[in-house]
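Some notes on the structure that comes next.
The values are calculated or read from the model by the stated rules, or taken from the named source; none is laboratory data. Bear in mind the structure is a predicted one, so any value in this text is a computation, not a measurement. Quick reminder, even Gly has a Cβ in these numbers, built from the backbone with ideal geometry, and neighbours come from all protein chains shown.
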Amino acid sequence: MATSKLSTNTPTLSTNALKLPKNALKLPIKQLDSASADFDAELKAHLKREMIVADEVTATVSEILSKVRATGDAAVLEYTNQFDGFAAQSMADLKVTREQMQASLDSLDTAQREALEIAANRIREYHERQKQESWQYREEDGSLLGQKVSPLQRVGVYAPGGKANYPSSILMLAIPAQVAGVEQIIATVPTAYGEAGKLVFAAAALAGVTELYTIGGAQAVAALAYGTESIPKVDKITGPGNIYVTVAKRLVFGEVGIDMIAGPSELTIICDGQTNPDWIAMDLFSQAEHDEQAQSILIATDAGYLDQVRESIERLLPAMERREIIEKSMANRGLFILAKNLEEAARVSDAIAPEHLELSIADPEALLEKINHAGAIFMGRYSAEALGDYCAGPSHVLPTSGTARFFSALGVYDFQKRSSIIFSTKEGASRLAKTAGELARNERLQAHALSAEYRQIKS
């Protein structure tokens, strides 16, 4: 397929930004061909999906969990001051009240508040459609079977911090919980209360957060999982974080529920060579700028188009504020793949099972049927993944590291649980007793058999 740019305007960064410095380094972005005999092995090797956790990380996290479980608030204070550079004297210094959240919201300028409110309304509208309802049906003998759907009572939402604040994560985590009917939403964020993080606290006000604490890391996970004198124990912990948070969530699973084990952010783009290459380059940057381990992959059906995107990357990169992070991410984990056709591109994408997938092609709906594994699928040339990060509507908390093969995007259903309902009439119990008794005796469970048969109507 011949390459051509989509005839639409692309914002320019600056005159200087469009000129490559003489000493500009060509990014060594790896390129594979799906027709190669070694392609599958090469792709697997590049993805590096195995979560390798250093023994010292696990040991550190285990120590933090144990200490928080044993000494509660005191340990949370100690670790927060140690790791986040705080000088908190009590848990009151780490708690953000509802009044403070509202004050942060009220302090926003018009543009900031409007953006948060539009995003919150769209997220809420989308998730209202996800609510599951209880159901029942009756059999001829009057027996009743069904399912009771109930919200979790108390959940913890972990909003990451560190290299940036993420008010969008508060919205994407707390609003689905609120829609589900959760009574108490306990949020933690490793951001000190104040002007620098006011968008986070404003988002919490909009999202219906019940309590918010400025703590992060494994100590936040431990506090939510076990409870402390100040922080109530939750039923489930949701939200992504760094490797310490990830390991902590894995270790407390069973004590509480968790949503998923999240790894570095990922984007795969399938393109037919007709989208403006500047757009695609910037989409790749939008993932790469998260951190050095983020993975940005482009699958195209035209080798010439891959060259065009490379040129766009080199030209646009010097103007990026997070250039160093993007460079490292693209050089280490970026990947270009040449596919013979779109069907082959879909097969490759399924092998990747990406967190985010853009179908930047003429007829995305036709290819959608070929896609089985992706956290979120962005359809068409105009559906930039960044829209999903902030305001499209679906939650941006998505499965990573190939887990889209068996995990789904976070939603209302993550904050609901389902109880089976079984009501047998006298006649229904008698009818089922024969079947249950036969199966129980085959499993050598006599009491099971007799328990059912005691209810059998004797003729």
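Structure summary
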quantity	calculated
Selected residue [on the phi > 0 side of the Ramachandran plot and either assigned to a helix (DSSP H, G or I) or surrounded by 18 or more Cβ atoms within 10 Å (Cβ to Cβ) (or both)] from S451, S401	S401
All positions within segment 292-308 that are surrounded by 19 or more Cβ atoms within 10 Å (Cβ to Cβ) and closer than 30 Å to N242 by Cβ	A294, Q295, S296, I297, L298, I299
In segment 353-378, the residues that are touching an Asp or Glu at 6+ places or on another chain (Cβ under 7 Å) and more than 18 Å from I297 (Cβ to Cβ)	A362
Any hit, segment 328-345, residues being more than 18 Å from T275 (Cα to Cα) and part of a loop (DSSP other than H, G, I, E, B)	yes
Wholly enclosed helices (runs of 4 or more DSSP H) of segment 59-143 bearing at least 2 residues surrounded by 13 or more Cβ atoms within 10 Å (Cβ to Cβ) and either of a type in the set (D, E, K, R) or not assigned by TED's automatic domain parsing to the domain that holds Y244 (or both)	73-84, 110-128
Every pair of residues 6+ apart whose Cβ atoms lie under 6 Å, when the first sits in segment 148-177 and is closer than 13 Å to A207 by Cα while the second is part of a strand (DSSP E or B) and modelled with pLDDT of 95 or more	V157/A187; V157/T238; L173/V157; L173/T238; A174/V157; A174/I185; A177/V155; A177/I185
Test: T275 is in the same structural domain as A187 (by TED's automatic domain parsing) and under 30 Å from A346 (Cβ atoms)	no
Residues of segment 356-371 satisfying the condition of being free of Cβ contacts under 8 Å to residues at least 24 places away in the same chain and not aliphatic (A, V, I, L, M)	D363, P364, E365, E369
Helices (runs of 4 or more DSSP H) contained entirely in segment 196-267, each with at least 3 residues that are surrounded by fewer than 22 Cβ atoms within 10 Å (Cβ to Cβ), in the same structural domain as A115 (by TED's automatic domain parsing) and in contact (Cβ under 8 Å) with a residue 12 or more places away in the chain	243-252
Residues of segment 144-190 that turn out to be aliphatic (A, V, I, L, M), assigned to a loop (DSSP other than H, G, I, E, B) and crowded, with 24+ Cβ neighbours inside 10 Å, as a count	3
